[in-house]
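The values are calculated or read from the model by the stated rules, or taken from the named source; none is laboratory data. Predicted model only: the values in this text are computed from it and were never measured. Note that each Cβ is placed from the backbone with ideal geometry, even for glycine, and that neighbours are counted across all protein chains shown. Keep in mind that these areas ignore ligands, DNA and RNA; they rest on the heavy atoms of the full protein, side chains included. Shrake-Rupley method; radii C 1.70, N 1.55, O 1.52, S 1.80 Å.
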Amino acid sequence: MKKIGFIDYFLDEWHAEKYPAWIEQASKGRMGVTYAYGKADLEGKLSNREWCAKKGIELLASIEKVVEQSDYLIVLSPDHAQYHEELSRIALQSGKPTYIDKTFAPDRAAALRMLELADKHGTPMYSTSALRFAAEYAPVEQQGIEAICSLGPGKFENYAIHQVEPIIALMGTEAKQVMWTGTAGAPSLLIGFSDGRQATINLYGWESPFSMALSYADGASKYVKIESNFFNAFIEKLVAFFESGVSPVPPAETIAIASILEAGERAARTPYQWISLP
């Protein structure tokens, strides 16, 4: 069995809780989470030691030990992207296949540094929103998309990724500007592409399903509502990546996504004004 190491800000969180069983099932027992490191213990959560004891995973004292003893690495901290660069630095120098959970980086500069570090050391790596792999997106015709209106739940800072990622996967990386058109309670961001195409993301609370309306240049339209088990598809892609070392996500898309999310945060301070992307 290939050994997977978790590196996290704190381990008592949803992704760390669910991934081990999903990975073991998807890999048919060829892989298992055996080691973990947590940077901090949070009040109101199980301590990292308590969490590992509950899960039957060995808690190691340092990131270095996790990297050294594991075959594959997963950097978690899904709701605290500001720690990703720190938590992933040693993994990205290891040459071992490394997955970094969403949201990849808090800004474009950090995203570039992390990708460059991995490239320098020949470390296969990627990051993604699980929504990228929702079955409903697979049959969507990409050619001729003129506009997308996307809808989903959550807060902008950690859930906008789930709408921006599929948009970039469908429309490409040539986004050139963003404009905030929402409110504090209902964030909305307009993304303008270099050829005049546009997409909007809208976060309308936890009861809003992930869905998307698409308009095509020839007048056609399409509506998709995400109802498939996209986490199953995500985990299958993760297992395949660990075995092959081939990323399912182009780095240029990861950089474009990080750029949009960073600019979106700035755009919220100056609504209805275009913010240019690098």
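Below is a table of values for the structure above.
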read-out	value
In sequence order, calculated HN-Hα J values of region 128-141 (Karplus, 6.51, -1.76, 1.60; Hz; x Gly/Pro)	6, 7, 4, 5, 3, 9, 4, 4, 5, 7, 4, x, 5, 6
GNM flexibility winner over the chain from Gly196, Gly205, Gly154 (Cα, springs under 10 Å)	Gly196
Dipole-positive endmost among Ala169, Tyr126, Ile145 within region 100-169 (Cβ charges, Cα centre)	Tyr126
Residue-averaged 222 nm ellipticity for the chain, from DSSP H runs of 4+ at -39500 (n - 2.57), nearest 500	-10500 deg cm²/dmol
Unsatisfied cross-links (Cα-Cα over 27 Å) in the set Lys55/Lys102; Lys120/Lys155; Lys45/Lys225; Lys39/Lys225; Lys18/Lys155; Lys54/Lys225	Lys120/Lys155; Lys45/Lys225; Lys39/Lys225; Lys54/Lys225
Dipole moment magnitude, nearest 20 debye, the chain about Cα centre, only Lys, Arg, Asp, Glu C-beta charged	220 debye
Straight-distance crosslink candidates among aspartates and glutamates, where the alpha carbon sits under 12 Å from Lys222 and sequence neighbours closer than 8 are dropped	Glu136, Glu141, Glu146
Region 212-252 shape via C-alpha gyration tensor axes, a/c threshold 1.5	oblate
Within a Gaussian network of the chain (alpha carbon springs, distance under 10 Å), most fluctuating of Asp71, Asp218, Asp79	Asp218
Local net charge near Gly5, Cβ-Cβ under 15 Å (Lys/Arg +1, Asp/Glu -1)	0
Region 210-278 and region 2-48: distance between their alpha carbon centers, rounded to Å	25 Å
Solvent accessible area, Å² - Lys3, 1.4 Å probe, full protein context	80 Å²
Protein-only accessible surface order, largest first, of Cys149, Cys52 at 1.4 Å	Cys149, Cys52
Phi to ³J(HN,Hα) by Karplus 6.51 cos²θ - 1.76 cosθ + 1.60 over region 153-170, Hz, x for Gly, Pro	x, x, 9, 4, 4, 10, 10, 4, 3, 6, 9, 5, 4, x, 4, 5, 4, 8
Fraction of accessible area attributable to carbon and sulfur, the chain (%, probe 1.4 Å)	49 percent
Cβ charges +1 (Lys, Arg) and -1 (Asp, Glu), total dipole of region 11-135, debye	360 debye
Positive dipole terminus of region 73-117, leading residue within Pro106, Gly95, Val75 (C-beta point charges)	Gly95
Area of Thr181 that stays accessible when all protein chains are in place (1.4 Å probe, Å², to 10)	50 Å²
Å² of accessible area per residue within region 49-164, as computed with a 1.4 Å probe and no ligands counted	42 Å²
In degrees, nearest ten, helix 230-244 long axis to first principal axis of the chain (Cα)	60 degrees
Point-charge dipole on Cβ atoms (K/R +1, D/E -1) for region 123-277, about Cα centre, debye to 20	320 debye
Modelled label reach - Asn158, point 7 Å along Cα→Cβ, region 27-48 residues with backbone N closer than 16 Å	39-46
Label-point separation, Trp274 to Asn232 (7 Å along Cα→Cβ), nm	4.4 nm
Percent antiparallel among DSSP beta bridges (both partners in the chain, rounded to 5)	50 percent
Cβ-defined net charge surrounding Ala81, 10 Å radius [Lys, Arg +1; Asp, Glu -1]	-4
Accessible area in the full protein assembly, largest first, 1.4 Å probe, for Glu207, Glu68, Glu58	Glu207, Glu68, Glu58
Residue (of Thr183, Ala220, Trp206) at the positive-pole extreme of region 170-278, dipole from beta-carbon charges	Thr183
